[in-house]
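Student: My structure is below; once you've seen it, I'll send some questions.
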């Protein structure tokens, strides 16, 4: 009888050791619920979150540095394009003083705000979006570098490839503008006219639209289409009074017909 009672007592003792979560399989170890391990897991999650925030901040700084570098590139490219246009006998987009414009712009009238629409917002930027913006900016700058080096055919191809990949991207309007500008600098005014008109039609709210419209007028004049050219430039005086593009348009109109008077 004592031999039968002993195993029963051991069985009752084993059941008493099972945790509150319910019965366990025979031979299974009880599940430990150590508060210290939960604290450790929480600390690990906090460390991962901090690392992600640091990565986002680094990418945001990289974007801002890229913007500063682009401003320098735009200024340098504008100087080169103006010099080439002067040598070719055609007026450039920056014939008038930029200070006369109502909206601050950079080379060729391209607005590069800081931070602007392409920069991170005031709050934290999602890592995925920051990475996509950085990738798009790199592709755009690669094409722009070709243009800066006067490798116009390669630049046109690179900008077209950029637009095929980023048709609604942050730099789509600017890419289209520089395609047109490359044709214009090479005095292919027929193609330049088509490409500048695309900027006006497809990106009417872009900071590039006024400069593209100015070049539409210039291209008409270079092609001997005097009436169409004067009509476009006169329209700029009415649409953008007092701006840099209006001053450039008025100067070109006076050059075409010194005896005529233009009105705002």
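Just so it is clear, none of the values below were taken in a lab; they were calculated from the coordinates. Since we're looking at a predicted model, the values are computed, not measured. Every residue, glycine as well, gets a Cβ built from its backbone with ideal geometry; the counts of neighbours run over all protein chains shown.
Student: Report, please, the projected area of the stretch 150-264 averaged over directions, based on the convex hull of its C-alpha atoms, in nm².
Tutor: With every direction weighted equally, the projected area is 7.1 nm².
Student: Okay, moving on. Taking 0.36 nm per residue of separation and subtracting the Cα-Cα distance, what length does fully extending residue 39 through residue 198 add?
Tutor: Length difference between fully extended and current span is 51.3 nm.
Student: Could you list 208, 254, 50, 148 so that the one with the fewest beta carbons within 10 Å of its beta carbon is first and the one with the most is last?
Tutor: Taking fewest neighbouring Cβ atoms as first place, the list is 50, 254, 148, 208.
Student: Oh, and also: With a 10 Å Cβ neighbour count serving as the proxy for reagent exposure, in which order, fewest first, do 156, 56 appear?
Tutor: Result, fewest neighbours first: 56, 156.
Student: Suppose R0 equals 30 Å. What FRET efficiency, 1/(1 + (r/R0)^6) with r the Cβ-Cβ distance, do residue 58 and residue 153 give to the nearest 0.05?
Tutor: The calculated FRET efficiency here is 0.25.
Student: Here is a further query. Neighbouring Cβ atoms within 10 Å as the yardstick, rank 236, 247, 58, 179 fewest first.
Tutor: Fewest-to-most Cβ neighbours within 10 Å comes out as 58, 247, 236, 179.
Student: Using 7 Å Cα-to-Cβ label points, what is the residue 51/residue 145 separation (nm, one decimal)?
Tutor: Here the answer is 3.1 nm between the modelled labels.
Student: While we're on this one: Quick check: residue separation of residue 205 and residue 165 times 0.36 nm, minus the Cα distance between them. What number comes out in nm?
Tutor: That works out to 12.3 nm of additional length.
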